[in-house]
1. Given (1) touching a residue at least 60 places away in the same chain (Cβ under 8 Å); (2) on the phi < 0 side of the Ramachandran plot, identify the lone condition not met by residue 311.
2. Checking residue 11 against (1) assigned to a helix (DSSP H, G or I); (2) within 45 Å of the chain's Cα centre (by Cα), which single condition isn't satisfied?
3. Could you give me the residue pairs with C-beta distances under 6 Å whose first residue belongs to the range 52-79 and is more than 25 Å from residue 100 (Cβ to Cβ) and modelled with pLDDT under 85, whose second residue is not hydroxyl-bearing (Ser, Thr, Tyr) and not in a helix (DSSP H, G or I) wherever it lies, and which are 6+ apart or on separate chains?
4. What is the residue count in the range 148-183 for residues that are within 30 Å of residue 390 (Cβ to Cβ) and either assigned by TED's automatic domain parsing to the domain that holds residue 120 or among the hydrophobic types (A, V, I, L, M, F, W, C) (or both)?
5. When both residues are 6+ apart or on different chains and their Cβ atoms are under 8 Å apart, which pairs have a first residue that lies in the range 290-302 and is within 16 Å of residue 324 (Cβ to Cβ), and a second that is polar (S, T, N, Q) and part of a helix (DSSP H, G or I)?
6. Yes or no: residue 56 among the charged types (D, E, K, R), touching a helix residue (DSSP H, G or I) at 6+ places or on another chain (Cβ under 6 Å) and surrounded by fewer than 16 Cβ atoms within 10 Å (Cβ to Cβ)?
7. Condition first: among the small types (Gly, Ala, Ser) and either touching a residue at least 40 places away in the same chain (Cβ under 8 Å) or buried (at least 19 other Cβ atoms within 10 Å of the Cβ) (or both). Now tell me which residues in the range 113-140 satisfy that.
8. Which numbered condition trips up residue 6, out of (1) surrounded by fewer than 13 Cβ atoms within 10 Å (Cβ to Cβ); (2) touching a Gly at 6+ places or on another chain (Cβ under 9 Å); (3) of a type in the set (D, E, K, R)?
Amino acid sequence: MDEPAEIGRRVQRLRTERGLTQRQLAEPAYTPAYVSTLEAGKVRPSENALRFLAGRLGTSYEELTTGRPPRLATELRLALTDAHRTLATGPATRAAARYRELLAEAERLELVDERVEALLGLGDCALETGELTAAAGHFEAAEALLAGEPLPRRARPIRGRAVAHLLAGELRYACYLLESTIDALNAAGLGDPEALVLLYAAVIGPYIDMGAHARAAHAAELALALAPEVGDPALVAGMHRQVARTFLAQGRIADADASLAKAQEAYRRLRLGTDLAHCHWMRGYVQAQHGELASAERELRLAREMLRARRAVLYTAQVEVELADVLRRLGRYAEAGELVSGLLEPGAGAAGPGAVHAGGAHRLLGLIAQERGDVEGAEEHYVRALALLERSGAGGDLADVCRLLGDLLRRTGRVEAALDAYRTGLGHRAAPGTTTLGPAPAAPAFRPPVTPCTTPLPVPR
């Protein structure tokens, strides 16, 4: 709402344009003296008074208090919906250009909610194109605009920031952002189901990458319990996609595939292109773990082409690491090596496919070198993988590379060095189900009943 002096001038202008006296405008609810005082800017009118005057003047409450016709905000919200649709179905670069235009318009009109939506859209676009610093900046700006709002309103930008840090390989900080927000929501009694499902689903990925499988399973259990209270089908689909990772970590391949099928059906119906590509990506990974390499290759190639068409550079690079591993297991070493070598330009590190996937790329090149008899090359790639994974905190992957390096060193007679590698790996497996962040996030004070199913998640001990 504008200052009283500005509102007073607006009332006077509209009254004069309509040929009304102060008495005609005021009656029957108010006095001419009150209108005179209001027009002079000497009183802050109540909402009831402004709504009465707006009706008498033939305008809207919003236009009287802000000077903006209500249709402008409505048109901007419709344009933001179109931008969301562009992001879902087309290249992120095109959607980002539209979001920038709408952000400028929302800033000109001083519309906070619309500025937030435009910033969140820009953040999502930057995640797709791999501009992680820019993505974090957009989400931080959105969060700052919502600083005075209840915490559930800030869940989306916080989750966006966490995803940006996760993709950059900063797993511990991503966990910290999500865990602290979950605890704050529950401690304050703000158990908003949509906000909690969004955050519980988001924390599953970093938990699994850090080797905290028990925590991931617990987060999945809580998300599934809250899902019946959530009305957003895209959010529920995203939860099922993440829950599939916990099933996979437990070796429950059929359950993981069923969970992905639910997500895939929803994404196809909603025409969410990037999310649908992620489902194909994960189904390829599931099939690879189950030894179905030909099917895995088909799913991963499909995901790669879908992401390439959307110019989702970072996600495309990550899929290529998974695809190269399948090609290696099929014995197509040259093809696999060529695919991942291009992702690891000198100095690329976390700026390429992300620290965790860059570590996975070096692990893969190490395996290829080892299977070709190049012991020195294999050792070099394993050491590089260790450096990337150690910085990111990806405990499970790091332990696996330590095992591979230890086996390589032992076979070449370097027993002491091998023992050091094994000890390093064991250190990252010493406390399964935990992180370095202290106690796990608390469960909500109220948990709705879980919808019965034939394969419930086990409650972690």
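The values are calculated or read from the model by the stated rules, or taken from the named source; none is laboratory data. Source: prediction; values computed, not measured. When we count neighbours, we look across all protein chains shown, and the Cβ atoms used for this are built from the backbone with ideal geometry, even at glycine.
1. Only one criterion is unmet by residue 311, namely (2).
2. (2)
3. Close Cβ pairs satisfying both conditions: 63/69.
4. Summing the residues that are within 30 Å of residue 390 (Cβ to Cβ) and either assigned by TED's automatic domain parsing to the domain that holds residue 120 or among the hydrophobic types (A, V, I, L, M, F, W, C) (or both) in the range 148-183 gives 13.
5. Taking only residues 6 or more apart or on different chains, the pairs are 293/287; 296/287; 299/287.
6. So residue 56 fails the test.
7. Passing the criteria: 118, 121, 123, 126, 130, 135, 136.
8. Of everything listed in (1) surrounded by fewer than 13 Cβ atoms within 10 Å (Cβ to Cβ); (2) touching a Gly at 6+ places or on another chain (Cβ under 9 Å); (3) of a type in the set (D, E, K, R), residue 6 misses just condition (1).
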